[in-house]
Amino acid sequence: MKNLLSMEHLTNRELISIILRAEEFERGEQPTLARSYNIANLFFEPSTRTSTSFEMAERKLGCTIIPFDANFSSALKGETMYDTVKTLEMIGLDAVVIRAKEDEYYNELLEGINVAVINAGDGAGQHPSQSLLDLYTIHKEFGQFEGLNVTIAGDISHSRVAKSNAIALRNLGVNVRYLCPPEWAGDFEAHHSWDGLIEDSDVVMLLRVQHERHAVNSGFSKESYHEQYGLTVERASKMKKNAIIMHPAPVNRDVEITSELVESERSRIFSQVRNGVYVRMAILETILKGRE
Ligand code: CP
């Protein structure tokens, strides 16, 4: 694995190997990189979890983090993504972690760039490191994937998490169902009511309503969305004994999920965040070792 751009590029074998390595890191195993690598985190869109989780993973791997502030970079003067990354390569970086507004921004980096590129989210495209930490969380819970029922509910068409997880979960033999208002389904065949979905779900994965990607006057009502599509206490009470609740976060409390469920017994929402550090260590180690 030379880069991590989209879940489409990963084989089941590669993603299972990342999950197993993350498990070893969680158990306390030490990284095995030959040297300290130079890494920059280029976040052109806001982030709390992904940016700090990558930085923590980089520190735990003994990498040198070269500061890069997208809001004070020459990208604001119109420098292209290619020229930005090539510049960092010439300065001596080994890898860049990038979040950008444009879907598939990484296509312009496929030719002529020699640093490793890790996609930390591209527009409404892909979010592979989130998907891998979601898979890790599910694997920790159930030990395998085949035959599980996963319901993904929320802002599907704007969600890079839904797209990345759809590919990976299907490849792993998971039965994935989608739930959203008809206008948010995009290319997905989605359900528009919880009927028949809650009782047999092993995982209910909520997605954030991405208000910033919706028209200001879309007529969206938080209350009616919560009533029709949100995970309420009443709905959660019908879940199977061992079923879990997931959400990539940030969470709109009382919109896609009732606030008191966020830290309920079934919820793995904050565990997902912790798992993300081990998974990102595994991703970075795999990619950097592949270049040794
Ligand atoms: N889940 C996720 O990508 O969160 P951030 O936007 O805070 O990184």
Which residue pairs have Cβ atoms under 8 Å apart, sit 6 or more places apart or on different chains, and have a first residue in the stretch 235-263 that is at negative phi and hydroxyl-bearing (S, T, Y) and a second that is assigned to a strand (DSSP E or B) and within 16 Å of the ligand (Cβ to nearest atom)?
-> S259/R253
Of all helices (runs of 4 or more DSSP H) fully inside the stretch 187-292, the set with 2 or more residues that are more than 16 Å from the ligand (Cβ to nearest atom) and of a type in the set (A, V, I, L, M, F, W, C) is 233-236, 269-290
The stretch 97-142 - residue that is aliphatic (A, V, I, L, M) and away from the ligand (no atom under 16 Å from the Cβ) and, of those, surrounded by the most Cβ atoms within 10 Å (Cβ to Cβ) = V115
Give me a count of the residues in the stretch 20-37 that are over 19 Å from the mean Cα position of the chain (by Cα), surrounded by fewer than 17 Cβ atoms within 10 Å (Cβ to Cβ) and either outside any helix (DSSP H, G or I) or aliphatic (A, V, I, L, M) (or both).
-> 9
Look at G154 and say whether it is under 23 Å from L231 (Cα atoms), touching a strand residue (DSSP E or B) at 6+ places or on another chain (Cβ under 8 Å) and either of a type in the set (G, A, S) or outside the structural domain of N175 (by TED's automatic domain parsing) (or both).
-> yes
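The values are calculated or read from the model by the stated rules, or taken from the named source; none is laboratory data. Just so we're clear, the structure is a prediction, and the values are computed from it rather than from any experiment. Neighbour counts are summed over all protein chains in view; Cβ atoms, including those assigned to glycine, are modelled from backbone coordinates with ideal geometry.
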